[in-house]
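Notes to accompany the following structure.
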Amino acid sequence: MELYLGLKILWWLLLGVLLLGLAVMVGMDMGVGALLRVIGKTDLERRTMLNAIGPHWDGNQVWFILGGGAIFAAFPLIYATAFSGLYVVMLLLLWSMIMRPLAFEYRSKIPTARWRNIADWVFLISGALPMIIYGAAMGNMLQGVPFHFDWDLRSYYTGSFISLFNPFAILAGVLSLMLAAFMGAAMTAIKTEGALAARARSVGSLAAFIAVALFAMGGAWVASMHGFVLTHSVDPALAQTPLTQTVERVSGALLAHYRALPILWIVPALGFIGMVLGGLLLRVNKPAIAWWMGVFAWMGVLGATAISLFPFLMPSSSVPSQSLTIWNSISSQHTLLWMTGFSVVFVPLILWYTSWAFYVMRGKVDAGKIEKDPHAY
Amino acid sequence: MINDTVVELSRWQFAATALYHFLFVPLTLGLTVFLAALETVYVVTGKQIYKEMTQFWAKLLLINFALGVATGLTMEFEFGTNWSFYSGFVGDIFGAPLAVEGLMAFFMESTMIGLMIFGWDRLSRGQHLIVTYLVALGSNLSALWILVANGFMQDPQGAVFNPITMRMELESFSALIFSHDAQAKFVHTSIAGYVTAAIFVAGVSAFYLLKKRHLELARRSFRMATIFGVLSTIGVITLGDALGFIGAHAQPAKIAAMEAMWETEKAPAPFNLAAWPNQDKQENSWAIQIPYLLTPLLTHTMDTELPGIKNLIAHNAERIKNGIPAVEALKKLSSNPNDAAALAQFKAHEPDLGYGFLVQRYAPNQDVSQATEANIAQAAQDTIPDVFAIYWVFRIMVALAFLMLAFFILAVIYSLRNEVEKHPWFLKFSLWLIPVPFLACEMGWLTAELGRQPWTVYNLLPTWMSASSHSVQYMVFSLIGFVGLYTIFILIEMYLMVRAIKQGPDQHDAHPTPSSGSLGGSVLASGAAPVHAKALIVDSTNKEV
């Protein structure tokens, strides 16, 4: 295989790894935030939940930042077109995300009930909204988004803000929220004890079972949707723009790869297995394995989406021939080579020291200590 | 069609959010290094006071860090949301340092900061020290990669335009990261952060010395900040000089604006100590000059000629004329990448492509082929940034730097004589100096980025072309959103910072407080005595409902 083509596919896979890391690590923290008011009944319980992820949320959040940076570096045209096209949605995502670090650092520094109540609402919004948007964005990618380009690749988005929250996108958004809630609940169950952990387990398994239903509905919906097919294009191994291809919308095309290569059904099946086993394991008080099942659930959901779209990343519903694919939105070979080099060195390093950080902070959160520790969240 | 108002609003939004973000960055850069130094002393000497100092300054760092992270997210998004043409055009080069920053630096910093705060009881002394070092290393490496990215905007190195993909592409990674501008600016900026932290620590310590509280911690902190500060301030001024030297070669228009130099003077040119630039008349209404000083100051020689603004405009008009065919050729290549004649035309005019883009703003129908002589003249005027603003923000920055240097020299003298506390005016001066480094950093940002105009990427991509094609309503909406949120944020941050400083270090060893009492007690202490029962988190709320 040619080097450039190989790099393109590698970076498509790495994009998946990043989106998975983001979904798992940030999603977990978001889930804790969204469930704070649901399973944490007292101030101390809520603080216990926050301290369960307290030493790690800062690091976890970098998956989000790295996700943005890596899309910028590896798929600049996706970064440019998606971030500007989905403008209001991106702003809502951003605004809810930037309130979260402040809620973390500042919540427990002021001991009034009203202040902490405000902070808890911020956690709810900044946990739930980004995950809904994350899922809804994926849902929109599957359907295509109305945009087109000028001769110099200046992009124009021609849809409305509300159309980004269509029924399918909302379904995808709620699925994403449920998976995040499951992961957050599993982490809470791992790190806490007693009634709080019990509530986390029951809420978490409920979220997993809702996710199963939503994922199944989404799959059925996708089968009947219009997909996109590249009918004429430049050799994928060559550098190109979205101005030199033709694309057609074909009903049922989103499942074309599954029909051609049935073994691919393993991927969505992995998602179902992860959700079902995750829900059950949480119920029988095995939160750590349940958490790992959640990772498989995310893998299945994101993988199934990626396979449906391949080789598209962001199809255009208004001018399909200007759809963004892996081939035409990716960086140059030289950039990809350098980025690959950095990733080979640093991604394992990140995984290693992240695991080490979790290892150092292992064990249940000591609720008694929280009140004495002036640094505790 | 590109809308002027949208571009203008995008610029305001970027400046507002970047300046705001940059309020928190320098302190983080410096305090993390300061903490590493403090903890080293703790580990080496084993003195408990240094552990308390480390923990206290870490508490303040964290309040600042939260907003730095939050507002940094905005920056990461903003290129895509508001500057999408820029992102597509140079993302192949500009995105890489941002991604590497995440991979190499920010991930480490953020993971380790959690351990730094919560790991005291779980890590050995040596391990904890390493964690603190990694936080400092991470924050400074972050600055390195961000400034590599910024260096590309100031002086684009290691990139070439690819007419097939219609964008700039990376040609040499080493040229990108070893760009002189990026390297000098990295050192200048991170050391500016050390100065900021030194002033901050000295100011807060002076507050305690004035109030006669936490004297042991305050004295030692003040002394360490003095050493840290005097070295850093000398460093920041030295590197600032290096940046001027580099800028004289790479960005002549910025340098000419910084010095309000309208005419090309015979070397050695005079230095405008103070002047009142008038851009319309292209002259200084008045100026106080020091003869011969400018040339050696900028070029470190006596005989290098520095081009004046009028000459630069005339020269740039020629470049615009030469750039127009490059843009026309690109348009043809866009629909047919195999058009050999167009490619040849493009290659012949490629060095002036950016200048060809410049005239698009004024050309009829924003089509460069229709550009008239008048349009070209107008675009050529644009190649000079706002002289008055740059001249003065630069001077304010330099003046503040020398003010801080004077402060630290005085602090060294008083420290050596062991009489810092004998001069209350000096302690007050120290306290009131806290805003100064922040202001100086902002002025530095303005000098660098206003001076870069009219380009987002110097000589390559005009700012006017770089913005996203949004409606004015969208831009007003987002600007209002940011201003509103950020105002709330800074109020909360200042409140918490002042509160944490007033509370001082945790003296849990000296005055053990019962766990429930500490909450109620601190509410009472902060002056909220007559609170309703509901507003207090009392023990009963900790029981399950």
>> Looking at region A:358-377, I want the residues that are within 7 Å of another protein chain (Cβ to nearest Cβ) and have a partner that is outside any loop (DSSP other than H, G, I, E, B) and of a type in the set (D, E, K, R) with Cβ atoms under 8 Å, at least 6 apart or on another chain. Which pairs are those?
In response: A:Pro374/B:Lys59; A:His375/B:Lys59
>> Within region B:472-485, take every residue that is facing chain A (nearest Cβ under 9 Å) and either within 25 Å of the chain's Cα centre (by Cα) or not in a helix (DSSP H, G or I) (or both) and give me the one that is surrounded by the most Cβ atoms within 10 Å (Cβ to Cβ).
In response: B:Ser478
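For region B:164-186, state whether one or more residues are among the hydrophobic types (A, V, I, L, M, F, W, C), over 20 Å from the mean Cα position of the chain (by Cα), more than 26 Å from B:Thr54 (Cβ to Cβ) and more than 11 Å from chain A (Cβ to nearest Cβ). Break it down stepwise before answering.
If we filter region B:164-186 for residues that are among the hydrophobic types (A, V, I, L, M, F, W, C), which is where we start, we get B:164, B:166, B:168, B:170, B:173, B:175-178, B:182, B:184, B:186.
Cutting the leftovers down to over 20 Å from the mean Cα position of the chain (by Cα) gives us B:164, B:166, B:168, B:170, B:173, B:175.
Now narrow it down to the ones that are more than 26 Å from B:Thr54 (Cβ to Cβ): B:164, B:166, B:168, B:170, B:173, B:175.
From the residues that got through so far, the ones that are more than 11 Å from chain A (Cβ to nearest Cβ) too are B:175.
Looking through region B:164-186, at least one residue is among the hydrophobic types (A, V, I, L, M, F, W, C), over 20 Å from the mean Cα position of the chain (by Cα), more than 26 Å from B:Thr54 (Cβ to Cβ) and more than 11 Å from chain A (Cβ to nearest Cβ).
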> When you look at A:Ala207, is it surrounded by 19 or more Cβ atoms within 10 Å (Cβ to Cβ) and either at pLDDT below 95 or farther than 28 Å from A:Ser317 by Cα (or both), yes or no?
Replying inline: yes
>> With the requirement that a residue be more than 7 Å from chain A (Cβ to nearest Cβ) and either farther than 14 Å from B:Met153 by Cβ or not in a helix (DSSP H, G or I) (or both), what does region B:79-96 give you?
In response: B:Asn82, B:Trp83
>> For region B:70-84, which positions are farther than 14 Å from B:Ser142 by Cα, within 17 Å of the chain's Cα centre (by Cα) and touching a residue at least 24 places away in the same chain (Cβ under 8 Å)?
In response: B:Ala70, B:Thr71, B:Thr74, B:Glu78
>> Can you pull out every residue in region B:182-200 that is of a type in the set (Phe, Trp, Tyr) and surrounded by fewer than 24 Cβ atoms within 10 Å (Cβ to Cβ)?
In response: B:Phe186
>> Go through region A:149-204 and report how many residues are closer than 30 Å to A:Tyr79 by Cα, without any contact (Cβ under 8 Å) to a residue 12 or more places away in the chain, outside any strand (DSSP E or B) and within 13 Å of chain B (Cβ to nearest Cβ).
In response: 4
> Within region B:201-221, can you find the residues that are closer than 11 Å to B:Gly504 by Cα and surrounded by 18 or more Cβ atoms within 10 Å (Cβ to Cβ)?
Replying inline: B:Val204, B:Ser205, B:Phe207, B:Tyr208, B:His214, B:Leu217, B:Ala218
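Would you mind finding the one in B:Ala105, B:Ala99 that is at the interface with chain A (Cβ under 7 Å from one of its Cβ atoms) and of a type in the set (A, V, I, L, M)?
Numbers: B:Ala105 fails: at the interface with chain A (Cβ under 7 Å from one of its Cβ atoms).
Just one listed residue meets the conditions, B:Ala99.
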>> Give all pairs with beta carbons closer than 7 Å in which a residue from region A:36-56 that is within 12 Å of another protein chain (Cβ to nearest Cβ) meets a residue that is among the polar types (S, T, N, Q) and part of a helix (DSSP H, G or I); count only pairs at least 6 apart in sequence or on separate chains.
In response: A:Ile39/A:Thr188; A:Thr42/B:Thr541; A:Thr42/B:Asn542; A:Asp43/B:Thr541; A:Asp43/B:Asn542; A:Leu44/B:Asn542; A:Ala52/A:Thr188
> In region A:99-113, which residue that is in contact with a helix residue (DSSP H, G or I) (Cβ under 7 Å, 6 or more places away or on another chain), surrounded by fewer than 23 Cβ atoms within 10 Å (Cβ to Cβ) and hydrophobic (A, V, I, L, M, F, W, C) is nearest to the other protein chains (Cβ to nearest Cβ)?
Replying inline: A:Ala113
> Out of (1) within 14 Å of chain B (Cβ to nearest Cβ); (2) among the aromatic types (Phe, Trp, Tyr); (3) within 18 Å of A:Phe215 (Cα to Cα), what's the single condition that is false for A:Trp338?
Replying inline: (3)
>> Suppose the filter is out of contact with any Lys or Arg (no Cβ under 6 Å at 6 or more places or on another chain) and at positive phi; does B:Gln381 pass it?
In response: no
>> at the interface with another protein chain (Cβ under 9 Å from one of its Cβ atoms) and either assigned to a helix (DSSP H, G or I) or touching a residue at least 60 places away in the same chain (Cβ under 8 Å) (or both): is that true of B:Leu67 in this structure?
In response: yes
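The values are calculated or read from the model by the stated rules, or taken from the named source; none is laboratory data. Keep in mind that this is a model prediction, so the values were computed, not measured. Note that each Cβ is placed from the backbone with ideal geometry, even for glycine, and that neighbours are counted across all protein chains shown.
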